[in-house]
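Note sheet for the following structure.
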Amino acid sequence: MTYAPRHAIVRRWWTLAVMSIASLMVVLDATVINIALPRAQLALGFSTANRQWVITSYALAFGSLLLVGGRLSDLWGRRNALYIGLVGFAVASAVGGAAHSFSMLVTARAVQGAFGAVLAPAALATLTTTFLDPKERAKAFSIFGAISASGAAIGLLLGGALTQWTSWRWCLFINLFFAAIALMGVVLFVIPGKAQHRTRLDLLGTVLASGGLFFVVYGLSHAVSTSWSDEITWGSLALGTVLLLLFIRWQQRSKYPLLPLRLVTNRTRGGSLIALFITSIGIFGISLFLAYYLQTTLGYSPLRTGVAFLPLVGAIAFSATMASARLLAKVGPRPLVPAGMILGMLGTVLFTRLTANADYVGHVLPGLIVAGLGLGLIFAPATASATAAIKPSDAGAASAMVNTTQQIGGSMGTSLLNTIAVSATMGAMRGSHAVGAAAKSAAKVQATLHGYSMAFWWCAAFFGVGAIVTFILLESGVPELEPELVPLL
């Protein structure tokens with residue numbers, strides 16, 4: 001690689017800062033509204049049964065359109081895709097914040113998800129084609145990975161603070177500030193990438209992929225409020241699976257594939273995607289059940305709950321920026337990702353020991369730190385390896401593949417682990433023979449804790465399987481870049 005002038009190096013790092021802000025906005029919006037939902041429900045008067053659609057509408061649009069959004073960034077050019085994604089996301093956030101009805105809020109959240117599906121792959125693709133030097137790439141993806149991994153926890157903290165100090169509406173209005181800063185950064189620091197005009201959008205592939213992902217995400221979301229045996233749940237999952245299988249078959253024949261299958265046949269890339277999938281299950285499980293535990297069992301306020309997650313964010317940032325940034329360029333992902341999986345497993349095992357009267361420092365904090373250190377070792381190397389050796393014309397599609405893997409993993413983690421927890425809780429309640437109001441209340445608390453414990457044990461099992469699979473699949477050494485790749489800055 002030729003020597004890069006100082007101004008080009010500085011520009012690359014400013015690009016990283018801008019893309020991190022854009023990515024954080026998209027990631028935290030999946031959880032920032034969660035804590036604000038009770039007050040939003042009171043203000044707009046919608047039912048508890050419909051409350052989930054404020055979250056689900058965002059997840060459905062975001063998850064089902066990611067592959068299309070990634071390919072559009074290849075066709076339009078990364079800078080144009082960033083403009084469209086940021087402006088659209090900001091406008092939808094403003095409409096949602098000003099919503100005067102339930103339907104208006106849900107529609108705005110769905111539009112947010114649609115533009116987020118354009119924005120997230122474009123941001124990651126911009127980094128993929130900007131940082132090519134192995135050492136710089138390792139540092140950049142360590143920072144980016146730390147921010148992405150912390151997004152859910154930061155969303156809980158920000159949602160709690162905004163809800164408690166201002167209004168639930170600011171959980172949406174805050175995106176206007178993020179988007180404005182990111183837009184200025186795109187104008188100043190992101191060099192326009194050439195759109196791939198020689199290719200076209202695969203229309204049939206778009207319909208099959210979007211439809212398949214929609215029904216898979218919908219089925220997983222529906223399982224949270226019903227059960228896995230519900231007809232709509234398994235029917236949606238079955239239909240989504242069939243459509244995705246047809247999509248894969250079509251991609252083998254399509255002249256302009258939406259997702260070139262050569263992107264998923266690489267051994268290290270496949271292992272990295274599996275790592276991101278499993279880790280998304282784990283981090284959503286940790287944030288979901290710990291948030292419930294802190295608020296319903298220990299009686300924490302929304303703001304205090306958000307603050308309680310700060311050590312997790314700090315541990316992820318430390319692990320990703322210190323260990324991953326220094327080691328990834330030297331040893332590659334194979335030693336780091338399995339080690340991170342083992343730490344994630346140990347952290348979630350610590351959470352299985354939570355009690356009704358546990359203190360935060362002695363029982364919650366150790367698990368947060370250990371799990372956070374593990375997550376930092378996984379996200380940055382896995383994201384960097386999943387997007388290494390990618391041609392510029394496929395950067396958007398590859399980045400969308402990474403985001404889709406994480407989205408499906410998060411959706412599956414939420415529904416699967418929630419179902420396990422609820423089933424275990426109900427089983428414990430049926431086995432209880434408590435008599436009297438006080439005894440029944442204590443029995444309910446213990447049954448709930450048993451449900452949390454079972455969910456955390458399953459989280460630990462996922463991390464354990466992930467450690468074995470990634471150790472087998474990931475190759476030693478640093479992934480090579482495509483010869484045709486040249487620095488954009």
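Throughout, read-outs are computed from the coordinates displayed, never taken from laboratory work. As the structure is a computational prediction, the values presented were derived from the model and not from experiment. Counting neighbours? That spans all protein chains shown, and the Cβs are built from the backbone with ideal geometry, glycine included.
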Notebook entry, point to check: Measuring from label point to label point, each 7 Å out along Cα→Cβ, what is the Arg253 to Ala389 span in nm?
Noted result: 3.0
Next item on the list: Would you kindly derive the ³J(HN,Hα) couplings of the stretch 331-339 from the backbone phi angles with the Karplus curve 6.51 cos²θ - 1.76 cosθ + 1.60 (θ = phi - 60°), listing them in order in whole Hz, with x for Gly and Pro?
Entry: 10, x, x, 4, x, 7, 5, x, 5
Margin query: What does the charge count around Ala209 come to, taking other residues whose C-beta lies under 10 Å from its C-beta (Lys +1, Arg +1, Asp -1, Glu -1)?
Written below: 0
Item checked: Potential lengthening between Arg267 and Met322 on full extension [0.36 nm per residue; Cα-Cα distance subtracted] -> 17.2 nm
Notebook entry, point to check: In nanometres, what is the gap between the two model label sites at Ser423 and Ala98, each 7 Å from Cα along Cα-to-Cβ?
Noted result: 4.7
Note to self: Less than 13 Å from a label point 7 Å out along the Cα-to-Cβ axis of Lys330: which backbone N atoms in the stretch 125-145 qualify, by residue?
What the structure shows: 135
Notebook entry, point to check: For Ala180 and Leu203, FRET efficiency with R0 = 41 Å and r from the beta-carbon atoms, rounded to 0.05?
Noted result: 0.75
Note to self: Tell me which of Ser148, Leu303, Leu75 sits at the most positive position along the dipole axis of the chain, charges placed on C-beta atoms (Lys, Arg +1; Asp, Glu -1).
What the structure shows: Leu75
Next item on the list: Calculate for the chain the 222 nm mean residue ellipticity that helices alone would give, adding -39,500 (n - 2.57) per DSSP H run of length 4 or more and normalising by residue count, nearest 500 deg cm²/dmol.
Entry: -25500 deg cm²/dmol
Check: When the Kirkwood radius is taken over all Cα pairs of the chain, what Stokes-Einstein diffusion coefficient follows at 25 °C and 0.890 mPa s, in µm²/s?
Finding: 108
Note to self: Below 15 angstrom from the Cβ of Gln112, what's the summed charge of the other residues (Lys, Arg +1; Asp, Glu -1)?
What the structure shows: +1
Item checked: Over the stretch 1-160: Kirkwood hydrodynamic radius from C-alpha pairwise inverse distances, Å -> 16.7
Notebook entry, point to check: To the nearest Å, what is the center-to-center distance of the stretch 412-476 and the stretch 221-288, using C-alpha atoms only?
Noted result: 23
Note to self: Apply the Karplus curve 6.51 cos²θ - 1.76 cosθ + 1.60, θ = phi - 60°, to the phi angles in the stretch 67-75 and return the couplings in whole Hz, x for Gly and Pro.
What the structure shows: 4, 5, x, x, 5, 5, 5, 5, 7
Note to self: Neighbour counts of other C-beta atoms within 10 Å: give me Ser476, Ser103, Ser399 arranged from fewest to most.
What the structure shows: Ser476, Ser103, Ser399
Check: Ordered by packing density, taken as the mean number of other Cβ atoms within 10 Å over each peptide's residues, highest first, how do 364-375, 216-227 rank?
Finding: 364-375, 216-227
Next item on the list: Please give the contour-minus-distance gain from Trp165 to Lys135: 0.36 nm per residue of separation, less the Cα-Cα distance, rounded to one decimal in nm.
Entry: 6.6 nm
Note to self: Nothing charged except the Cβ atoms of Lys and Arg (+1) and of Asp and Glu (-1): what's the magnitude of the dipole of the chain about its Cα centre? Round to the nearest 20 debye.
What the structure shows: 480
Margin query: Could you work out the percent of alpha carbon pairs in the stretch 99-170 separated by over 15 Å, rounded to a whole number?
Written below: 71
Notebook entry, point to check: Tally Lys and Arg at +1 and Asp and Glu at -1 over the other residues with C-beta under 14 Å from the C-beta of Leu157: what net charge comes out?
Noted result: 0
Next item on the list: With r as the distance between the Cβ atoms of Leu310 and Asn357 and R0 = 22 Å, compute the FRET efficiency 1/(1 + (r/R0)^6) and round to 0.05.
Entry: 0.45
Margin query: Under the 0.36 nm per residue contour assumption, what length would be gained going from the current alpha-carbon distance of Thr226 and Ile472 to full extension?
Written below: 84.9 nm
Note to self: Could you derive backbone 3J(HN,Hα) for the stretch 303-314 from the dihedral phi with the Karplus parameters 6.51, -1.76 and 1.60 (θ = phi - 60°), listing whole Hz in sequence and x where the residue is Gly or Pro?
What the structure shows: 5, 5, 4, x, 5, 4, 7, 4, x, 4, 4, x
